[in-house]
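Reviewing the structure listed below.
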Amino acid sequence: MTLEIFKNNSYEISKLITKKYSTSFSLATSFLEKEKRKAIYAVYGFVRLADEIVDSMHNFDKGFLLNQLNTDLHYAVENGISTNTVLVAFADTVTKYGISKEHVDAFMKSMELDLTNTTYNTSEEIRRYIYGSADVVGLICLKIFCNGDEVLYNKLEAYAQHLGSAFQKVNFLRDLKTDMKDLGRTYFPEINTFTFNTESKQMIEKSIENDFSMAYQGIKSLPGRSRLAVSLAYFYYMGLFNKIKKIPPQKVLSARIRISNARKYFIMLKVLILYIFKLI
């Protein structure tokens with residue numbers, strides 16, 4: 001096996017991880033140009049690996065595992081190789097697209113917070129967490145979409161952060177049952193001492209609506225098929241958010257809200273039509 005084959009296989013593994021974990025995200029990613037598609041799979045594979053360490057590996061030393069991942073990541077970026085296939089693909093993507101070290105470090109910092117923090121009591125605390133866990137992921141993806149066009153990247157930077165925030169907050173609402181009851185976490189300062197009611201739910205929803213509104217303005221300026229792929233993710237999350245808005249707090253706390261596959265494909269068809277007729 002040559003190094004090139006090993007690297008290609010590493011990308012394939014990240015692609016497999018993406019498809020196994022998220023049908024909606026992998027569906028949106030599939031509309032990208034080939035090289036950008038590979039890069040986004042690599043980003044998802046890395047983010048998912050770090051997330052699994054802090055959320056799932058309860059019977060192991062999560063602090064050690066996360067620190068080792070970070071050490072191995074830095075080695076992979078500096079040397080272009082790793083025995084961890086997910087890191088091979090991600091490090092290659094970081095180098096190829098000039099992804100900021102500060103953004104990667106910010107993401108890892110938020111993952112570290114998940115090992116110790118269970119409650120975020122102020123808007124500033126959760127803002128810092130979301131910046132590292134979601135906003136910078138949006139910025140990393142934007143770097144790939146812009147592919148060296150720094151003027152466009154700078155123009156869309158703020159919008160990408162709003163989109164990352166919107167997606168993360170919707171995920172928080174969707175996973176509220178697991179986070180609060182199983183992991184003992186609450187990410188929303190609006191939920192005072194683990195109280196989730198109609199008032200706090202509406203306050204959270206207003207914040208999410210603002211992020212979605214700001215993000216959509218930037219989506220329309222994305223280059224090539226990235227506009228189609230991100231629009232698909234945007235409308236999927238909007239659909240999920242609108243479903244959550246109609247559900248009372250008690251039900252959000254008792255079940256993980258989902259969108260049916262039939263609904264996902266309807267959203268895809270809708271977005272394709274909008275894209276073809278240049279309405280997005």
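The values are calculated or read from the model by the stated rules, or taken from the named source; none is laboratory data. In this text the structure is predicted, and so the values were computed from the model without any measurement. Here Cβ is always computed from backbone atoms with ideal geometry, including for glycine, and neighbour counts include all displayed protein chains.
Exactly one residue out of 237, 265 is aromatic (Phe, Trp, Tyr), under 20 Å from residue 138 (Cβ atoms) and assigned by TED's automatic domain parsing to the domain that holds residue 130, and it is 237. Just one of (1) within 19 Å of residue 134 (Cα to Cα); (2) of a type outside the set (D, E, K, R); (3) without any contact (Cβ under 8 Å) to a residue 40 or more places away in the chain fails for residue 66. It is (3). Scanning region 24-60 for residues that are surrounded by fewer than 18 Cβ atoms within 10 Å (Cβ to Cβ), part of a loop (DSSP other than H, G, I, E, B) and either hydroxyl-bearing (Ser, Thr, Tyr) or at pLDDT 95 or above (or both) returns 30, 33, 57, 60.
Taken over region 1-23, residues that are crowded, with 19+ Cβ neighbours inside 10 Å and within 16 Å of the chain's Cα centre (by Cα) amount to 4.
Residues being over 17 Å from the mean Cα position of the chain (by Cα), part of a helix (DSSP H, G or I), of a type in the set (S, T, N, Q) and closer than 27 Å to residue 158 by Cα: count how many of those fall in region 213-267. Within region 213-267, residues that are over 17 Å from the mean Cα position of the chain (by Cα), part of a helix (DSSP H, G or I), of a type in the set (S, T, N, Q) and closer than 27 Å to residue 158 by Cα number 3.
Each row is one residue, and each column tells you yes or no for (1) over 21 Å from residue 42 (Cβ atoms); (2) polar (S, T, N, Q); (3) assigned by TED's automatic domain parsing to the domain that holds residue 247; (4) buried (at least 22 other Cβ atoms within 10 Å of the Cβ).
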residue	(1), (2), (3), (4)
109	no, no, yes, no
120	yes, no, yes, no
138	no, no, yes, yes
208	yes, no, yes, yes
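In region 174-206, of all residues being over 19 Å from the mean Cα position of the chain (by Cα) and basic (Lys, Arg), the one that is surrounded by the most Cβ atoms within 10 Å (Cβ to Cβ) corresponds to 201. Would you say residue 155 is free of Cβ contacts under 8 Å to residues at least 24 places away in the same chain, among the basic types (Lys, Arg) and surrounded by fewer than 18 Cβ atoms within 10 Å (Cβ to Cβ)? No.
Candidates 207, 254: the one that is among the polar types (S, T, N, Q) and modelled with pLDDT under 95 is 254. For region 232-240, the criterion of being touching a residue at least 12 places away in the same chain (Cβ under 8 Å) and surrounded by fewer than 16 Cβ atoms within 10 Å (Cβ to Cβ) is satisfied by no residue at all.
When the residues of region 122-136 are filtered to those that are among the polar types (S, T, N, Q) and in a helix (DSSP H, G or I), which remaining residue is surrounded by the fewest Cβ atoms within 10 Å (Cβ to Cβ)? Once the filter is applied, the top-ranked residue is 123. Taking region 86-107 as the range and being more than 17 Å from the chain's Cα centre (by Cα), surrounded by 18 or more Cβ atoms within 10 Å (Cβ to Cβ) and not hydrophobic (A, V, I, L, M, F, W, C) as the test, the residues that pass are 92, 97.
Tally time: how many residues in region 203-231 are closer than 16 Å to residue 135 by Cβ and in contact (Cβ under 8 Å) with a residue 60 or more places away in the chain? Adding up the residues that qualify gives 3. Residue count for region 106-152, restricted to those that are under 28 Å from residue 221 (Cβ atoms), free of Cβ contacts under 8 Å to residues at least 60 places away in the same chain and of a type in the set (Asp, Glu): 2.
Taking region 137-189 as the region of interest, how many residues are hydroxyl-bearing (Ser, Thr, Tyr) and assigned to a loop (DSSP other than H, G, I, E, B)?
Summing the residues that are hydroxyl-bearing (Ser, Thr, Tyr) and assigned to a loop (DSSP other than H, G, I, E, B) in region 137-189 gives 1.
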